[in-house]
Amino acid sequence: MHTFAQTRTDTGTFAKQPVSLYTPVDHDTTNTGGYSPHALRIDEIDLVSSYYIQNGDHSPVTGGIGTQHVIDFSNGLNLNLVWLNQANNKNTLMLGVGYDHHTSASAGYVALNGGSKTGGTRLYPSIDWTVENSKTGNTFGIGAYYSGEYNYKSKEADVHWSVKTDDKNGEFGVKLQAYLDKVTMILPSEFVVAPSVTTIPPGTTVVTTASGQTVVLSSGGQVISNSKSSLPTSERNTFTAALSYTQQINSRLQISILGDVVGQNGYLGLPFHRVYFNTGKDTIEKLPSSRFKLPIGARMNYFLGDNIILRAYYRYYMDSWGIRSNTASLEIPYKVTPFFSISPFYRYYDQTAARYFAPYEVHSPTDEFYTSNYEYSNFRSGFYGIGFRVAPPTGVFGWQNLHDLEIRYGHYSQTTDLVSDVVSLSLGFK
Amino acid sequence: MIKQKVKIAAGLLLLIATSSCVHLKEYQKSRLNDSEMALTNRKVEKNELNFQSYEEAASGANAGKTGGGCGCN
């Protein structure tokens with residue numbers, strides 16, 4: 001009987017000659033050179049790409065009615081560099097960059113005539129440094145992240161650490177994060193103030209738009225100068241304390257308990273989300289300027305027999321806007337060989353509505369807060385699919401540097417009639 | 001009612017699991033160290049989690065991100 005357990009590659013061992021980018025100066029004159037475990041080396045390069053397509057009929061841009069067709073192509077690249085310091089503690093520097101491009105049909109309807117830009121890109125670099133104590137296994141690290149798209153900028157900084165139990169079978173982890181975001185106030189076209197035009201002799205015209213852009217025109221209509229657009233922005237801050245405890249129960253079972261405490265403040269809506277009142281008039285969604293979230297979850301992984309694994313997850317979520325939610329998922333990887341697995345999965349999700357949500361033309365103008373974004377509605381969703389993972393010791397397709405390949409497809413559907421499909425590819429290089 | 005039962009069952013399972021911990025030597029951890037047994041999200045799931053956080057109100061407690069990025073579609 002074969003046991004199909006495939007031990008993770010221990011990144012702390014140095015059996016192979018590393019790809020060295022930098023070798024520190026060796027002060028030990030007795031050392032004749034050659035391999036140094038302290039050299040900075042590339043431990044792993046990960047590439048993850050996804051293609052996502054979505055359809056629905058409840059876009060918040062058009063007040064809870066209208067197309068939600070979205071296509072998104074996401075790509076992320078992570079580079080992990082490792083080295084040992086003088087105390088033989090393992091240092092890991094993770095450099096990441098992500099690039100997404102999407103087209104969103106509803107974005108066109110920021111302008112009433114559907115003529116707004118429907119495409120957009122997002123660029124998000126990240127960096128993280130972690131040091132692991134060679135004796136205790138405890139870790140400490142800091143990280144930073146930036147995300148930029150035409151109407152939303154986000155900066156993040158975090159500090160994280162973990163402490164192992166004396167027997168090394170348990171680990172307590174903490175991550176403190178702060179996101180400082182800026183929302184560009186792009187309004188639906190009917191709320192944009194018409195540009196003011198001033199004629200200054202002799203014959204020049206100054207046009208100032210609602211966004212603050214100033215264009216100076218000659219008498220013949222030619223552009224003399226054009227100041228950079230300066231749409232106003234609003235701030236959104238998110239502070240998170242993420243706690244986790246992981247415990248190995250026996251030789252087949254391990255669990256983790258996860259809990260986040262999240263506080264948000266600032267502008268928490270989006271300026272181009274319309275709400276249509278029961279009077280037929282429209283306005284922009286209005287949400288409270290603070291939100292408190294409390295998600296609590298647990299994972300349980302169990303090695304059943306010799307080639308089946310159960311990966312289970314449950315989360316209960318509550319927040320100060322009145323939303324309560326349950327998430328449960330089960331994935332069952334089946335190891336066809338020790339290096340090839342097939343993983344069907346199913347995820348169930350439900351949530352109650354936020355107290356500020358109402359559909360199209362249901363809100364009253366006397367309501368204090370209002371949104372018709374179906375993200376805050378009462379619904380259930382299901383997500384199912386299958387994944388394949390190949391990680392042979394000789395490399396995927398015999399290519400030694402490509403140590404693992406994963407492909408995963410999922411179909412998602414909500415009771416709001418939103419449906420989506422996503423296919424993802426992950427490549428891991430050593 | 002069903003939800004309550006599920007929560008109680010999950011709690012009991014957790015209690016049973018944690019009360020029967022055994023001290024494991026390194027050589028007893030070959031199954032636990034299997035790459036499929038990692039108590040984290042898969043790398044290939046990263047973008048799925050982003051889409052879910054944009055279309056659903058709940059997020060967090062899954063070692064994913066809890067802020068940043070508009071998801072304005």
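The values are calculated or read from the model by the stated rules, or taken from the named source; none is laboratory data. Note that the coordinates shown come from a computational prediction; the quantities given were computed from them, not determined experimentally. Glycine gets a Cβ as well: all are built from the backbone with ideal geometry, and neighbour counts include every protein chain shown.
Note on region A:46-79: residues that are part of a strand (DSSP E or B) and surrounded by fewer than 19 Cβ atoms within 10 Å (Cβ to Cβ) total 10. Of the strands (runs of 3 or more DSSP E) contained entirely in region A:149-247, those carrying at least 3 residues that are at pLDDT 75 or above fall at A:152-164, A:170-184. Restricting attention to region A:31-52, does a residue exist that is among the polar types (S, T, N, Q) and either at pLDDT 90 or above or in contact with a Phe, Trp or Tyr (Cβ under 8 Å, 6 or more places away or on another chain) (or both)? Yes, because at least one residue in region A:31-52 is among the polar types (S, T, N, Q) and either at pLDDT 90 or above or in contact with a Phe, Trp or Tyr (Cβ under 8 Å, 6 or more places away or on another chain) (or both). Exactly one residue out of A:117, A:135 is at pLDDT below 95, over 30 Å from residue A:65 (Cα atoms) and of a type in the set (Lys, Arg), and it is A:135.
Could you check, for region A:282-292, whether at least one of its residues is outside any strand (DSSP E or B), away from every other protein chain (no Cβ under 12 Å), surrounded by fewer than 20 Cβ atoms within 10 Å (Cβ to Cβ) and at pLDDT 95 or above? Within region A:282-292 (the criterion being outside any strand (DSSP E or B), away from every other protein chain (no Cβ under 12 Å), surrounded by fewer than 20 Cβ atoms within 10 Å (Cβ to Cβ) and at pLDDT 95 or above), the answer is yes, since at least one residue qualifies. For region B:23-53, a residue qualifies if it is assigned to a helix (DSSP H, G or I), of a type in the set (S, T, N, Q) and more than 7 Å from every other protein chain (Cβ to nearest Cβ), and the qualifying residues are B:50, B:52, B:53.
Taking region A:301-315 as the range and being facing chain B (nearest Cβ under 7 Å) and touching a helix residue (DSSP H, G or I) at 6+ places or on another chain (Cβ under 8 Å) as the test, the residues that pass are A:301, A:303, A:309, A:314.
Applying the criterion of being outside any strand (DSSP E or B) and modelled with pLDDT of 95 or more to the residues of region A:298-344, the residue that is surrounded by the most Cβ atoms within 10 Å (Cβ to Cβ) is A:333.
The residue that is farthest from residue A:232 (Cα to Cα), counting only those in region A:132-156 that are more than 11 Å from chain B (Cβ to nearest Cβ) and either within 21 Å of the chain's Cα centre (by Cα) or buried (at least 18 other Cβ atoms within 10 Å of the Cβ) (or both), is A:132. Among the residues making up region A:107-125, a single one is more than 11 Å from chain B (Cβ to nearest Cβ), out of contact with any Asp or Glu (no Cβ under 9 Å at 6 or more places or on another chain) and farther than 25 Å from residue A:275 by Cβ: A:125. Taking region A:385-405, which residues are part of a strand (DSSP E or B) and either touching a Gly at 6+ places or on another chain (Cβ under 7 Å) or of a type in the set (Gly, Ala, Ser) (or both)? A:385, A:387, A:402, A:403, A:404 - these are the residues of region A:385-405 that are part of a strand (DSSP E or B) and either touching a Gly at 6+ places or on another chain (Cβ under 7 Å) or of a type in the set (Gly, Ala, Ser) (or both). Within the set A:347, A:408, the sole residue that is in a strand (DSSP E or B), at the interface with chain B (Cβ under 9 Å from one of its Cβ atoms) and surrounded by fewer than 21 Cβ atoms within 10 Å (Cβ to Cβ) turns out to be A:347.
Of all residues in region A:312-337, those being within 30 Å of residue A:398 (Cβ to Cβ) and either touching a Ser or Thr at 6+ places or on another chain (Cβ under 8 Å) or among the acidic types (Asp, Glu) (or both) number 5.
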